[in-house]
Amino acid sequence: MANRVIPAASKLLKTLRPLNSAASSTTISAISPPIGYAEKPLQSPSGHAITAADTITDNIFNLDDADKLFASVSTPTLLRAALNLHAVAFEPLVDMGMWVMKSRLMDTPLIRDVIMGIIRYTFYEHFCAGENAVAAGRSVLELNEAGLRGMLVYALEYAGDNDSCDRNLQGFLDTVEATKSLPPSSVSFIIMKITAICPMRVLERVSDLLRWQHKDPSFKLPWKLDTLPIFSDNSPLYHTLEKPEPLTPDEERDLELVHQRLLKLSQKCSEANVPLSVDAEYSSVQPAIDYLTYSSAIIYNKDDNPIVYGTIQAYLKDAKERLLLATKAADDMGIPMGFKVVRGAYMSSEAKVASSLGYKSPIHDSIEDTHACYNDCASFMLEKIANGSGGVVLASHNVESGKLAVAKAHEIGIGKVRQKLEFAQLYGMAESLSFGLRNAGFQVSKYMPFGPIELVLPYLLRRAEENRGLLSASTQDRQRTREVLKRRLKAAIF
Ligand SMILES: Cc1cc2nc3c(=O)[nH]c(=O)nc-3n(C[C@H](O)[C@H](O)[C@H](O)COP(=O)(O)OP(=O)(O)OC[C@H]3O[C@@H](n4cnc5c(N)ncnc54)[C@H](O)[C@@H]3O)c2cc1C
């Protein structure tokens, strides 16, 4: 199949018609106004700046009434959640737990069994949806009763060879099959990491070759299928400093097998009408991930129904440009493209790799820049779906981004349900935000990893790291669950 021409980002940015009348400059924020748009913020009595988003959302999106937020949660469930959230915020406990998990103590069967038992009834129950698809289905039903939806994540991380990729694929196919016995639309997405169905070395080789072709468009890649733009003019190319060798026949065969796996899964998702969202990972292999995702999206995203979604990590400096280029190309090809927008989870390793090669980190210089980029990408995608094309998952625990997105959706008249807009938070985290968005009438999903405890350990370690300390995303949930439990206890006694 012919390769698609990848237009230069700067040219596209200049020629694109602004999506709203106020816009005239060449940045994405101009094409779609940033969602935090109040020019002269007022001060609230508590001292924080009152933005236009605050004013619009005050009536529809309220996180102040904790009793209303947690009304659908039973007291035993709330108590267990509160205990777990407090445990993961207690730094010495988390430090010790992480040290033990990585130590040789885990080689002693008795100690290992005790530790795994503790983890199972605490962190695992809190952050994971169950050991298998049937157990995960039960968790989806509970969420469904609470007015939320589930994104099912069979928690497989890396596969080293074709046999394990095939086994993992079967796990994903079984997950799609399991959704058929659940209430319609209770599962919003099947989530997959490409590294579970493609050996890492193939992703590295393909990413190298794609980067080299971006540097030198005359460089031929005979195996390359139709895709959307993967790079912008500002994308980092430092991972590939020398011209890579072409794929060997064995490597080409391995790549073809990966394509076949992804097509099989996309086909299954299309038949079940449950979209497939492909997670974003390290920037060293993201070009190959995007390439595979887009080539499958081109086949399966039809009419107004995006089946295959990509992921944009807003912490990357080139995120906005790549989003713009990919959506523009998809529009030109008549393909409804869906994106999950996240901030990004691999900050420290990105910085380490870049500095080891003598380059600046590809991540924004400050968290404020990441927030601004996230909100711009969200705003841009909201405008797109308001105009009737594609879909977006706003995956974040950031309350300010949630408020801004609610205000923007309200302003441009996006219907709350049955539009291709989904808010999403991780299972066991940011519950008040999820319930607040649900109460405001939006579709909200929880990202629900499931699988045997040994498989999900790397995921649990990342959650433990993310939740530690007083400043973690779960701080407000801890406070609110405590308040609600106190009030329920008082009401029961008096
Ligand atoms: C449903 C769901 C799906 C997800 N899928 C993916 C995925 O596919 N790929 C992936 O990589 N991540 C994924 N994540 C994780 C996500 O990228 C974030 O790590 C996590 O959600 C925390 O970000 P936040 O938006 O909730 O906001 P916040 O907690 O407000 O922001 C924290 C984030 O800001 C960024 N940041 C922090 N400090 C700085 C700094 N100094 N400079 C620049 N940026 C900074 C980092 O990205 C950090 O994670 C997912 C998260 C959710 C909720």
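Bear in mind these aren't lab numbers, they're just calculated from the coordinates by the rules spelled out. Since this is a predicted model, take the numbers as computed values, not measurements. Don't worry about glycine lacking a Cβ; one is built from the backbone with ideal geometry, like all the others, and counts go over all protein chains shown.
Relative to the present Cα-Cα distance, how much length would full extension add between residue 399 and residue 490 at 0.36 nm per residue of separation?
Additional length available on full extension: 29.8 nm.
With N denoting the number of residues in region 376-441, provide Rg(C-alpha) divided by 2.2 N^0.38 Å, to two decimal places.
Here the Cα radius of gyration is 1.04 times the empirical estimate.
If you line up the Cα atoms of region 289-440 on their principal axes, what length do they span on each, largest first, in Å?
Computed over the Cα atoms, the extents are 47, 38, 27 Å.
Would you mind checking the pairs 243/352; 224/446; 220/328 and listing those with alpha carbons more than 26 angstrom apart?
224/446
What distance in nm separates the simple spin-label points at residue 64 and residue 479, each placed 7 Å from Cα in the Cβ direction?
Between residue 64 and residue 479, the simple spin-label model gives 1.3 nm.
Treating the Cα atoms of region 136-295 as identical point scatterers in vacuum, please give the log10 of the normalised Debye intensity I(q)/I(0) at q = 0.21 Å⁻¹, two decimals.
Computed log10 I(q)/I(0) values: -1.31.
Charges only on Cβ, +1 for Lys and Arg, -1 for Asp and Glu: so what's the dipole of region 337-483 about the Cα centre, in debye to the nearest 20?
Its charge dipole is roughly 380 debye.
Run the reach check for residue 384 against aspartates and glutamates, Cα to Cα strictly under 16 Å, same-chain hits fewer than 8 apart removed. What comes back?
The qualifying aspartates and glutamates are 303, 304, 321, 331, 332, 376, 411, 422.
Between residue 87 and residue 333, what length in nm is gained on full extension when 0.36 nm per residue of separation is reduced by their alpha carbon distance?
83.5 nm
Using packing as a proxy for protection, rank 158-171, 119-132 so that the peptide with the highest average count of other Cβ atoms within 10 Å comes first.
In decreasing order of mean packing, 158-171, 119-132 become 119-132, 158-171.
Report ³J(HN,Hα) in whole Hz for each residue of region 312-322, in order, from the Karplus equation J = 6.51 cos²θ - 1.76 cosθ + 1.60 where θ = phi - 60°; Gly and Pro get x.
10, 9, 5, 6, 7, 5, 9, 4, 4, 5, 5
Give or take rounding to whole Å, what are the principal axis extents of the alpha carbon atoms in the chain, in descending order?
78, 62, 47
Report Rg (one decimal) and Dmax (nearest whole number) for region 242-326, counting Cα atoms only, units Å.
When restricted to the Cα atoms of region 242-326, Rg and Dmax are 14.4, 44 Å.
Could you compute how fast region 125-211 diffuses translationally, taking Rh as the Kirkwood radius over C-alpha pairs and applying Stokes-Einstein at 37 °C with viscosity 0.692 mPa s? Give it in µm² per second.
D = 231 µm²/s.
If you project the alpha carbons of region 99-170 onto the principal axes, what extent comes out on each, in Å, largest first?
43, 35, 18
Compare the peptides 133-139, 377-383 by average per-residue count of other Cβ atoms within 10 angstrom and give them in order, highest first.
Packing order, densest peptide first, comes out as 377-383, 133-139.
On full extension of the chain, what length is gained from residue 98 through residue 181, given 0.36 nm per residue of separation minus the C-alpha to C-alpha distance?
Taking residue 98 through residue 181 to full extension adds about 26.1 nm, to one decimal.
Beyond 16 Å, what percent of the Cα pairs of region 312-394 remain?
For region 312-394, the fraction of Cα-Cα distances above 16 Å is 53 percent.
Run the quick spin-label model on residue 161 and residue 216: label points 7 Å from Cα toward the beta carbon, then report their separation in nm to one decimal.
With each label placed 7 Å out from Cα toward Cβ, I get 3.5 nm.
Efficiency by 1/(1 + (r/R0)^6): what FRET value for residue 267 and residue 142, r their Cβ-Cβ distance, R0 = 25 Å, to the nearest 0.05?
It comes out at approximately 0.25.
Quick one: of the DSSP bridges fully inside the chain, what percent are antiparallel, nearest 5?
Restricted to the chain, the bridges split so that about 10 percent are antiparallel.
In terms of Cα to Cα distance under 14 Å, which aspartates and glutamates are near enough to residue 360, apart from those fewer than 8 places away along the same chain?
Here the aspartates and glutamates satisfying the reach criterion relative to residue 360 are 318, 350.
Check the straight Cα-Cα distances from residue 490 and name the lysines below 18 Å, setting aside those fewer than 8 residues away within the same chain.
Within the straight-line limit of under 18 Å, residue 490 reaches these lysines: 68.
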